[in-house]
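The values are calculated or read from the model by the stated rules, or taken from the named source; none is laboratory data. If you're wondering where the values come from, they're calculated on a predicted model, not measured in any experiment. Cβ sites come from the backbone with ideal geometry, for glycine too, and all protein chains shown count toward neighbours.
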Amino acid sequence: MAMTETKKMVAITIDGISNQVPEGTLVIEAARQIGVMIPHFCYHPKLEPDANCRMCLVEIEKIPKLQTSCSTRVADGMVVRSSVPHVESARKSMLELLLVNHPLDCPVCDQGGRCDLQDFSHEYTPTISRFTELKRVFPKEYLSPLIETQMNRCVSCMRCVRYCEEVMDAKALAPVGRGTMTQISHWAGNELECDFCGGCIQICPVGAITSRLSMYDFRPWMLKRSETICNFCGDGCQMTVQRKDEDLIEVNSTLGAGRNDGDLCARGYFGYHANVHPDRLQNPLIRQADGSFAEVTWEDALERVAENFSQIKAAHGADAIGGLITARCTNEELYAFQKFMRGVVGTPHVDSSARYGYINGVKALQRVQGTHRWTVSFEDIVEADVVLLVGTSITEANPITGLKVKQAVKKCGAKLITLETAVPAFSTVSNITTLATHHLTVLPGCFDVAVLGLMKALVEQNLVDERTSGKATEFARTIIAEVEKISWQEIQQAVGLSSDQFNSASRTLSQAQRLVVLAGQGVLRDIGGEGIVTNLLDLLILSGHHGAQGSGLGVLAEENNEQGAIEMGVVAEYLPGPSKANNDMAQATLSKIWGMSVPTTPGATMLEMFDRARQGSLKAMFIVGENPLESLPSDAKVSESLDALEFIVCQELYMTDTAKKAHVVLPAASAVEKDGTFTNTEGHVQPVRKSIEPVGESQPDWEIFSALSVLMDSPMEYGEAKEIFKEIRGLIPQYGLLGPTSIPYVAKADVVEQYLREGFKEDVHVRYALTKKILARDGALTLVLGQSMYHSGKFSTRSKGLTQIQDSGVLSLNPENATRIGVDDGASVRLSNGNGDVTVPVKLVDRIPPGVAWFPEHFDHELRLLFRVTVDERNHVPCWKTTQVRVDRVA
Amino acid sequence: MEPFEKILTKNMSNPAYTGSLQDYEATGGYQALRKVLAGVPQNDIVEMVKKSGLRGRGGAGFPTGVKWSFLPKDYQGPKYLCCNADESEPGTFKDRQLMERDPHQMLEGMAITCYAIGAETSYIYIRGEFRVGAQILERAIEEAKQAGHLGSNIHGSGVTINMYVHAGAGAYICGEETALLESLEGKRGKPRIKPPFPATHGLYQKPTVVNNVETLANIPHIVNRGPEWFAAIGAPPKSTGTRVFCLSGHVKNPGNFELPMNATFRDLIFDIGGGMRSDKPLKAFIPGGASAPFLTPEHIDVQMDFESVTMAGSMSGSGGITVMEEGTSMVWAALRLMEFFYHESCGKCTPCREGSSWIVQILQRIQNTQGRPEDLDTLTEICENIGGRTVCAFGDAEIAPVQSTLQYWRHEYEALIEEAEAVRATRKEKEIPVLSI
Amino acid sequence: MLLEKYKDHIDDLLSRYPIKRSVLLPLLNLAQKEEGYVSQSAMKEIARILDLTPPQVFETATFYTMLSLKPIGKFHIQVCRSLMCALVRADNLIEWLQKHLGIAVGQTTSDKFFTLSVVECLGSCGTGPMMQINDEYYERLTEETVGQILEDLKRTGDCALKSGPYMVPEPR
Ligand SMILES: Cc1cc2nc3c(=O)[nH]c(=O)nc-3n(C[C@H](O)[C@H](O)[C@H](O)COP(=O)(O)O)c2cc1C
Ligand code: SF4
Ligand code: FES
């Protein structure tokens, strides 16, 4: 909102240079705009002015005292002087005073060489200090395994504390004590518990807060930097990877750069070593007769693969071969993979990790709006006046999108409605639900009903937008009739929420000027996920927000390139574009550009491929960076399926359980070792840049594909990733634009119109039918495998930084349940159900609702046996993240 | 000096007076409140207080009526009155007496103020150490509520006024009005950047008036006897009314003495205070609390109104007069005050935080005969670098003792430093600075 | 557990302010009264009551010098050492107390009865030397009266010499 109002311009003169700036601009900003840099410590554009360091004093005409330019707003005709002797001497003295209690230990300070205090001192102060007294010395305090504080260096600018509260909303850092004895700490000597976003380290202008991950490993000027994109979640944060020779030293981000605008999360800031764990595969491997792997040359390995694929193709046809790839790969690699499978091998069976749920979201968008992308941008989230979150666990799953929501609420006063599993409970780990105007606690698996509740409340309070009900009469009438069939009792029974709760939420929702809805894993990974997203779009339509400026729906990608995976066509039902796999025109264009024939039938999805393997119709699989064996519970029969295959190729960073079953294992290069592009969840195509050479013999996936294609006599010859990108660009116009400019997609009017006339009917009864919920039998709890904010899939569990925050799974229980079970922090419990039992340690966590036992999916190894997979009929999404368990304490 | 009528301490000067509601009403208490609630337009009261010339007694001496008039007119939504009862300025102990001996006088003043500015809720921020005072106020508020002077629909006027006592927990800076507001909001007592001022963005960012205990205690009398009466007392036109001066230090009879503002320091220190208790001559006095620059015997006939004291190069600040007899070390005195300021700096601003710690250490060295000739210039410059460059007036306050003692008693500093030099000359070893705070 | 014991009082406090955090100082003072100091568990509970994080409670607690974060003696003797009291020999009083109690400033007697602190101005400069012991002020002190006070407190937990409603000079 703040951003939408157009500000009146005023005239200001700084050091003789005149300029027009928007009313209310801070003098220090106005100065920067005309190239006058005013030294400062406590000022930061992301933070409310605090004017405590007094470094930015300037002279303003007609005001007797010097003023702090960081807190003074421009007035029309203001005349400012920043370089008159009076001001210069004030700066000198400020620095002299700041150094009074500073240890001057620059030689052993990681900030040395990029320290504001050093730079300003160098610029403004004499070389000798008059201070000859004793310095205040703080005893060293241990804060955390990753964040180091050296409080004798602190200049008390409070930027870290203010960032932690104002931006992250964690409130984990505190200024402790008073006067010169003030130091930054957590509380009462306890070890730091927080989001570990690293923001305090990055925002500290001196060396008072540094990273222990790279402590004493470098001097800033030894570092080489490359701008790239984080390869953990779908937010697609821009980051600078800094290396010394071939070692990754640190990651940081730049204010104003990327979709993250300089913010990062724990994974982005501390997780980068996941790419270069010592266990990385260094050479191609071929399985020997005795079952062991032998290191071989690339030639041997690739020939073996080409041979086997060709033989099987000859003997059983191309569609005896299937391909599965991870959505963590670059667009270029994903594209090359499906081209290899469809064009070179000639099989329609291609799928990727987008199958785990994201596909549900994109298909709903396609169906209702005719676009596979968000119709809103991060900017729209910030400017929204109402934001609705449904099953997102946003601070864990998509922390930076979460920051946009926090910003909307905290800085711009937006109202927040959360349909989430977490309950509002305050701790030093941020929790989006504490910011909610309306919070409705929804257990996993119940989001569909919760959405129906919202819809029913909208309908019953006559909040349905007239223009819509006027235009789309039948659509409106049908849905109104549908929700009226459902009774509040039924809803209450299913989700334990009252009509009042839904009513007040939907009132707020309907009053929105700019309404942004975000749907996360809780929706996308669930049975009927596409239907739930479709219903959310129905909600936007009926509340009159659909298609309105700044309003719309976004679906949140868990992995960094799920959006890209679908646009590159690495899912069974889509060709690049994405266009439907059975779309003749698309097929024609492709075979023309590729000079290869393209399969005409839609392929098999991941689980279908496994079924076919067990039935014997699928003989070989090419699995790239995916680890289904560890991603799915045993009843998905992945193990049996793989055993049934004649030939398996795994292309991997690490020797996973799946790879252990392969006949040939090919070492792939990690995201920091190659160039390419990722497409973030919001639809921004962003450049990935190489910072170190591939480890050992490993190679970028796309190079491996093109090498194989040559050996299989239908070469896809690319000299570098850029050439693949050119080809993609030719096929998909949206890839004409790289980088930060946001062009939110607009719904295609004709598609919407068709949906409102006919489209919705197809499954409206299914979507608006109340599904049965297995209510937890007394004594039993709902066990949930969820995403932790410190990890991303299993990939990040190899990061030496993140494992220092969380290196194993602990079961989170609501204190109330814990007391009933009779356990406290650190105790162990046995989880049991029909499928087996497992013993795990517990932790009491207020934000976990009663009746739920939450466990981080990244460490689900033993727990998986408790779960059973159910397959979504529409999109074959395997759903299995919740189950019912008995929880008993073990003595 | 010619006889005059006490205003604020009149009741309590009667030994039989207990400060109970009964006693207060017996002396005409709460008539002023009844009067205004009976239908005096709010703005008339503001105008009345303006006309009376009443100025803040907390330290800044800002015209009270003018301050009230800064509140946004016809503002919908809550406004607040905060009574500043933090009384932490060394040398000041009048508010404690006004609250503990005649609580209702202040409460009535607050009630009238609340009505005048349209505040339904008001808080009395009292320093945490004043447990006795806090209890007395709580009881008085309860009494007043019972009697219908406070609460909702007071005396059938439809006006609601609630008052709550809010105890601090030991921080001088919370006397600074914006720090007080921060503290009331449950935060660290750090002064806010101004503008915006409390009048528009005060407590909970709502329009707020902060007034000192003594200031508010004057209000009922002004209402009862009219602004003209008040404006004629003391040193019109600029410093009207009386002040309760706090006399401490080397005098025979220390204590709180209410005098019209045209009284002189001689009247207070010698006629009333009985002069130096040791009958040594007067050496120095602080005219307005620890934040006010020291004055010398030449200033003894200065009038104690705001202007005159300012003219004399100091300020009448909080009305605390501390007297020092011949033989008192001015370096030591400055050091003691500086240690106070060092201890109380909130730590927000670089100059105040770092400067106070530096100055204290230099003074300690000089005091311990380890001073150096260059120290005095360094002191002077540090003071200049603090003055006028901080968020709140604490910065200006903390340099007053050092600057003024350097101005009038520089030779005492020099003597100590010469002593140190002499010692150095004899034993050539390097001295170790001492830190003892 | 404060909430169990003082439910009504805390509800009343909460009703006085439009935002919960304003009740922080009152609750910290309450916690100190309850346990003699502000314990970690108290800060945790207060955070919970006020929807704050423990660091937010801690940063406030450490700003105010009256709040003690570690256990202290039954009686906390706080002697004013600021200039005005110093002019009337507060330093002698402090000296005397250290000797008499056999502890240095900042220490607690072995019997855990007395903790001795020196503090800055307590706002009774006209009646120095003075000290505060727990909630009470004791003023115009002499060695005799101080001895008396400590004795009484140790014996009865109270002392008649404490100040009542304050006025100097007392009217005659
Ligand atoms: C460092 C500092 C400490 C202060 N301490 C007090 C105080 O203890 N009591 C008080 O009434 N005013 C104090 N003041 C003045 C207040 O900021 C404010 O001016 C006053 O409360 C306004 O009330 P008045 O206009 O009635 O004087 C202090 C100011 C500063 C800068
Ligand atoms: S001047 Fe001193 S007391 Fe005032 S805000 Fe700055 S640091 Fe705090
Ligand atoms: S940057 Fe302006 S005071 Fe710190």
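Quick notes
- Candidate set: segment B:170-201, residues that are more than 13 Å from every other protein chain (Cβ to nearest Cβ) and in contact with a strand residue (DSSP E or B) (Cβ under 6 Å, 6 or more places away or on another chain); chosen: the one surrounded by the fewest Cβ atoms within 10 Å (Cβ to Cβ): B:Pro198
- Residue that is surrounded by the fewest Cβ atoms within 10 Å (Cβ to Cβ) [pool: residues in segment A:479-516 that are among the acidic types (Asp, Glu) and closer than 17 Å to A:Leu440 by Cβ]: A:Asp500
- Matching entry among B:Asp74, B:Asp95, B:Asp86, B:Asp102 (being modelled with pLDDT under 95 and either within 16 Å of ligand 2 (Cβ to nearest atom) or not aromatic (Phe, Trp, Tyr) (or both)): B:Asp74
- Residue that is farthest from A:Pro220 (Cα to Cα) [pool: residues in segment A:107-130 that are surrounded by 19 or more Cβ atoms within 10 Å (Cβ to Cβ) and touching a Phe, Trp or Tyr at 6+ places or on another chain (Cβ under 8 Å)]: A:Leu117
- Some residue of segment A:591-604 being within 30 Å of A:Thr883 (Cα to Cα) and of a type in the set (Val, Ile, Thr): no
- Members of segment A:36-90 found to be in a loop (DSSP other than H, G, I, E, B), over 23 Å from A:Met168 (Cα atoms), free of Cβ contacts under 8 Å to residues at least 40 places away in the same chain and within 16 Å of ligand 2 (Cβ to nearest atom), listed by number: A:Cys56, A:Lys65, A:Leu66
- Of the residues A:Ser144, A:Ser129, the single one that is within 27 Å of B:Leu363 (Cβ to Cβ) and polar (S, T, N, Q) is A:Ser129.
- Hey, B:Tyr24 more than 20 Å from the chain's Cα centre (by Cα), outside any loop (DSSP other than H, G, I, E, B) and of a type in the set (Ser, Thr, Tyr) or not: yes
- For segment B:2-9, the criterion of being in contact with a helix residue (DSSP H, G or I) (Cβ under 9 Å, 6 or more places away or on another chain), under 22 Å from B:Val209 (Cα atoms) and more than 14 Å from every other protein chain (Cβ to nearest Cβ) is satisfied by no residue at all.
- Given (1) near ligand 2 (Cβ under 8 Å from one of its atoms); (2) farther than 26 Å from A:Pro103 by Cβ; (3) not in a loop (DSSP other than H, G, I, E, B), index of the condition B:Gly395 fails: (2)
- For B:Pro433: the one exception among (1) buried (at least 20 other Cβ atoms within 10 Å of the Cβ); (2) modelled with pLDDT under 95; (3) not aliphatic (A, V, I, L, M): (1)
- The residue of segment A:18-57 that is farthest from ligand 3 (Cβ to nearest atom), among those that are among the charged types (D, E, K, R) and away from chain B (no Cβ under 14 Å), is A:Glu23.
- Flag for C:Lys44 being basic (Lys, Arg), more than 12 Å from chain B (Cβ to nearest Cβ) and assigned to a loop (DSSP other than H, G, I, E, B): no
- Helices (runs of 4 or more DSSP H) fully within segment A:256-353 counting 3 or more residues that are in contact with a strand residue (DSSP E or B) (Cβ under 6 Å, 6 or more places away or on another chain): A:298-316, A:331-339
- Qualifying residue in segment A:95-108 (condition: within 12 Å of ligand 3 (Cβ to nearest atom), touching a residue at least 60 places away in the same chain (Cβ under 8 Å) and more than 11 Å from every other protein chain (Cβ to nearest Cβ)): no
- Enumerated helices (runs of 4 or more DSSP H) restricted to segment C:71-161, each holding at least 3 residues that are within 11 Å of chain B (Cβ to nearest Cβ): C:83-87
- Comparison of B:Pro207, B:Pro220 shows that the only residue that is under 22 Å from C:Arg16 (Cβ atoms), away from chain C (no Cβ under 11 Å) and surrounded by 19 or more Cβ atoms within 10 Å (Cβ to Cβ) is B:Pro207.
- Hits in segment A:64-86 (condition: of a type in the set (A, V, I, L, M), within 16 Å of ligand 3 (Cβ to nearest atom) and away from every other protein chain (no Cβ under 11 Å)): A:Val74, A:Val80
- Residue among B:Cys392, B:Cys349 that is within 10 Å of chain A (Cβ to nearest Cβ) and hydrophobic (A, V, I, L, M, F, W, C): B:Cys349
- Hits in segment B:205-252 (condition: among the polar types (S, T, N, Q) and in contact (Cβ under 8 Å) with a residue 12 or more places away in the chain): B:Thr208, B:Asn211, B:Asn212, B:Thr215, B:Asn218, B:Asn224, B:Ser239, B:Thr240, B:Thr242, B:Ser248
- Beta carbons closer than 7 Å, at least 6 apart along the sequence or on distinct chains, pair a first residue in segment A:668-682 that is in contact (Cβ under 8 Å) with a residue 40 or more places away in the chain with a second that is in a strand (DSSP E or B) and of a type in the set (Asp, Glu) for A:Ala668/A:Glu652.
- Restricting B:Ile136, B:Ile126, B:Ile112 to residues that are within 10 Å of chain C (Cβ to nearest Cβ), in contact with a helix residue (DSSP H, G or I) (Cβ under 7 Å, 6 or more places away or on another chain) and closer than 19 Å to B:Leu8 by Cβ narrows the list to B:Ile136.
- Selection from segment A:683-717 of residues that are more than 22 Å from A:Val649 (Cα to Cα) and either among the hydroxyl-bearing types (Ser, Thr, Tyr) or free of Cβ contacts under 8 Å to residues at least 24 places away in the same chain (or both): A:Ser691
- Flag if A:Arg32 is touching a residue at least 24 places away in the same chain (Cβ under 8 Å) and of a type in the set (Lys, Arg): no
- Candidates in segment B:288-312 are the residues that are small (Gly, Ala, Ser) and touching a residue at least 40 places away in the same chain (Cβ under 8 Å); of these, the one that is nearest to the other protein chains (Cβ to nearest Cβ) is B:Ala290.
- Residue that is nearest to the other protein chains (Cβ to nearest Cβ) [pool: residues in segment A:458-475 that are buried (at least 19 other Cβ atoms within 10 Å of the Cβ) and in contact with an Asp or Glu (Cβ under 9 Å, 6 or more places away or on another chain)]: A:Val459
- Residue within segment B:148-168 that is within 16 Å of ligand 2 (Cβ to nearest atom), at pLDDT 95 or above, within 14 Å of another protein chain (Cβ to nearest Cβ) and part of a loop (DSSP other than H, G, I, E, B) present: yes
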